[in-house]
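Undergrad: The structure follows.
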Number of protein chains: 2
Amino acid sequence: MIDNITSVRGIKCWGAHIGIKSLRRDLAIIYSEVPAAAACTFTQNAVVAEPVKVSRKNVQNGRAQVIVCNAGNANACTGLQGQKGAEAMVKTTAEELNLDPSDVIIASTGLIGEPFPTEKVVDGIKVNVQKLSEDTKAGSFAANAILTTDTFAKEGFMDFKIGEIQVNMAGIAKGSGMIHPNMATMLGFIVSDVAIDPELLNSTVKECVNKSFNMITVDGDTSTNDMVAVLCNGLAGNEVIKSKKDKGYKVFKEKLEELMIHLAKLIVSDGEGCSKFIQYRVVNAPNEKIARQLVRGISDSSLVKTAMFGRDPNWGRIICAGGNSGVAFDFTKVDLYIGNKQDIVQVLERGVPLDFDRNYLKRLLKESHIHIRMDLNSGKAEGVGWGTDLTTDYVMFNSVYTT
Amino acid sequence: MIDNITSVRGIKCWGAHIGIKSLRRDLAIIYSEVPAAAACTFTQNAVVAEPVKVSRKNVQNGRAQVIVCNAGNANACTGLQGQKGAEAMVKTTAEELNLDPSDVIIASTGLIGEPFPTEKVVDGIKVNVQKLSEDTKAGSFAANAILTTDTFAKEGFMDFKIGEIQVNMAGIAKGSGMIHPNMATMLGFIVSDVAIDPELLNSTVKECVNKSFNMITVDGDTSTNDMVAVLCNGLAGNEVIKSKKDKGYKVFKEKLEELMIHLAKLIVSDGEGCSKFIQYRVVNAPNEKIARQLVRGISDSSLVKTAMFGRDPNWGRIICAGGNSGVAFDFTKVDLYIGNKQDIVQVLERGVPLDFDRNYLKRLLKESHIHIRMDLNSGKAEGVGWGTDLTTDYVMFNSVYTT
């Protein structure tokens, strides 16, 4: 028996095949028996899908009770037809579950610019709300029903104590499989039975997303549909966490960040056409923002990514990509290390190239898990992120998709 | 007989092999017989090479008389040793040509992090200043001596009239060959015999670089060594152009921009491992900055570039990349066109996907010159840029370079 989202008190769900995709499950419903504190983060892309517009509005009151997600059609760049489809998705769900429409969060992922299959989705919701279940398999069904080109379902579960009370938290995610046709959508849905104030939840979710889902890169792009939604329904019965000083806040935040990082790393692991999983760590930075921006800049660089594919300890590319990340840093203070989980080799000390054993380091880079660490020697803050290499397979997959 | 930089009055140059690279020419000197108004733009990378630091200082007075450039060693990440090397490069040139050191502009391109071969460069300068010549072949020698992985020399020449006076302008450039080991350095050196005020020249150079060298992308990265230098020595004898309203300013600026665009496009054409040259045009934008930022965002996207490699008219990726470019635009007003030089097909009208002939468009995308045009229908400004596709060859070249 494994724990998943159905292990959270009051959470029922389902995942079904409603015919948008030819074979795989393509509709997920995650329902809380009672209204939950809710917080979402959305794509920063200037072009946003219809479900993002609707959910952005619906989550404003800090409350939601259900997440409905279809796969196979992104409902993006679909105009008025898509807008009406998203509205129908909310309306049907609210009616069938007897909820206020503003308590419905919706998401879509799949092809961009195709007419939204409103009828299939509306009918699918009507049929499948009947099947909502707290059985473990229902959680797996939901985790599978949000996938597109992903090769495995991404799930996570944690529990922790607030005083004597056991609190549960679980999530599912779908990834930025690199072969995705139009743009790799990232979705993360997390539920917990903790009792927490919605505003505090909102700021906490943003902080944790910045350290997890926002620190992974496959293509360096964000999609029209990216979204992370968190529902906390309070059924654990702990005293409502209202401030950062309240009992349970610290452990809740730690566990939320841990769960999000777990899901984010699973997404990177599933980057098709990749041969390596690379962890980037910038340490002793003046502040976290600078550290994270450097991690993003380096992990997004095509030249760094191709070097890692070729097991090339090309530190010049790493430094240059850092220099291009838009933050100032003093190169003459930088120590740089390249390696894997077992061992890591220093290649730069205070900006001066070291005479390292190139052949030994190349052997380390044969491993599929690579570690890169940059020490700015300019403060106490750090940032961590995760990315992939850039391979010939990536180009093949992405260039021939619709041809 | 062709015109090149030696066709500009008072310009002498040379390009020699001094042994930094094994076989090819690797030292270029471009000298003006009289002091010239000078303006440079430099890399925006936070890590800058030693010659950039020196030249940034030397050009501050708006005057220079010689440009010296070595290839094969970037003099970047070289610490004190490199700093002394750059200083020696300036000192030797000034002494040999009897100039003030502040009138010497230097540049380097090649491997990062290797000790700078100061002795070879100093000796090379001493020998080769003796050979400065206004012969056409000397111009070609210089154009070849700044190359690294480029497969051909990049030269351009223009002339125009100010009243009765013939003015000459010429330039050489080296490119961001995609297989460059550490980072693709972009260098452009332009000389003219026009007489122009240095401050006006400075602002004009910046404007023109923004519409040319800054609008090309191969890797999406800028190097530690990027630099464009323009010398105008006044030997044409026109009345000094002191303001934008003065006689000759308009035509000078037009020709400078034209020359820079010509050189920039040559650089893109030489992106090794690329199969396509792609022109991106954003029209009817609220302002030029937005138009250019959209062009940069789209042309830098790995997903757009791989789609073009695969002849895939995947407009969703183009729109998404635009949405990721950091500027807001109204998708419901966007018209999008994809094609080649001969024909272009509209695929989106006011944000609504059109039912275009996909097979016909795919045939258009077989050509090596691709055109992409985005009409924002939100103003009068436009931006143009040029880029390459992303190919399996690119990944191979870049991953195996040092292995």
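The values are calculated or read from the model by the stated rules, or taken from the named source; none is laboratory data. Not measured: the values here are computed from a predicted model. Here Cβ is always computed from backbone atoms with ideal geometry, including for glycine, and neighbour counts include all displayed protein chains.
Undergrad: Kindly indicate which of B:Ala285, B:Ala291 is in contact with an Asp or Glu (Cβ under 6 Å, 6 or more places away or on another chain) and of a type outside the set (Phe, Trp, Tyr).
TA: Testing whether each residue is in contact with an Asp or Glu (Cβ under 6 Å, 6 or more places away or on another chain) and of a type outside the set (Phe, Trp, Tyr) leaves just B:Ala291.
Undergrad: May I pose another question? If A:Asp389 passes every condition in (1) of a type in the set (Asp, Glu); (2) more than 12 Å from every other protein chain (Cβ to nearest Cβ); (3) crowded, with 20+ Cβ neighbours inside 10 Å but one, which one does it miss?
TA: (2)
Undergrad: Right, another one. Any residue at all in the stretch A:332-351 that is within 7 Å of chain B (Cβ to nearest Cβ) and closer than 20 Å to B:Asp226 by Cβ?
TA: yes
Undergrad: Answer with yes or no whether B:Asn359 is more than 7 Å from chain A (Cβ to nearest Cβ) and free of Cβ contacts under 8 Å to residues at least 12 places away in the same chain.
TA: yes
Undergrad: With within 14 Å of chain B (Cβ to nearest Cβ), more than 27 Å from A:Asn70 (Cα to Cα) and acidic (Asp, Glu) as the only criterion, which of A:Asp226, A:Asp300 stands out? Talk me through it step by step, then tell me what you get.
TA: Working: A:Asp226 fails: more than 27 Å from A:Asn70 (Cα to Cα).
Only one candidate passes the filter, namely A:Asp300.
Undergrad: Select from the stretch A:84-141 the residues that are within 30 Å of B:Asn314 (Cβ to Cβ), out of contact with any strand residue (DSSP E or B) (no Cβ under 7 Å at 6 or more places or on another chain) and β-branched (Val, Ile, Thr) and list them in ascending order.
TA: Residues satisfying the conditions are A:Ile112, A:Thr118, A:Val122.
Undergrad: Is it true that B:Ala328 is among the aliphatic types (A, V, I, L, M), out of contact with any Lys or Arg (no Cβ under 9 Å at 6 or more places or on another chain) and more than 22 Å from B:Leu266 (Cβ to Cβ)?
TA: Criteria met by B:Ala328.
Undergrad: Please work out which one of (1) touching a residue at least 40 places away in the same chain (Cβ under 8 Å); (2) closer than 19 Å to B:Val47 by Cα; (3) buried (at least 16 other Cβ atoms within 10 Å of the Cβ); (4) among the charged types (D, E, K, R) is the condition A:Lys265 fails and give its number.
TA: (2)
Undergrad: Moving on to the next point. Please list, ordered by first then second residue, the pairs with beta carbon atoms under 7 Å, 6 or more apart or interchain, first in the stretch B:304-324 and more than 7 Å from chain A (Cβ to nearest Cβ), second crowded, with 24+ Cβ neighbours inside 10 Å and of a type in the set (D, E, K, R).
TA: Pairs found: B:Val304/B:Arg317; B:Lys305/B:Asp389; B:Met308/B:Asp389.
Undergrad: Further, regarding this structure: Would you confirm whether or not the stretch A:203-214 contains a residue that is in a loop (DSSP other than H, G, I, E, B), more than 14 Å from chain B (Cβ to nearest Cβ) and of a type in the set (D, E, K, R)?
TA: yes
Undergrad: Just one of A:Gly383, A:Gly379 is modelled with pLDDT of 95 or more and surrounded by 20 or more Cβ atoms within 10 Å (Cβ to Cβ); which is it?
TA: Of the residues listed, the single one that is modelled with pLDDT of 95 or more and surrounded by 20 or more Cβ atoms within 10 Å (Cβ to Cβ) is A:Gly383.
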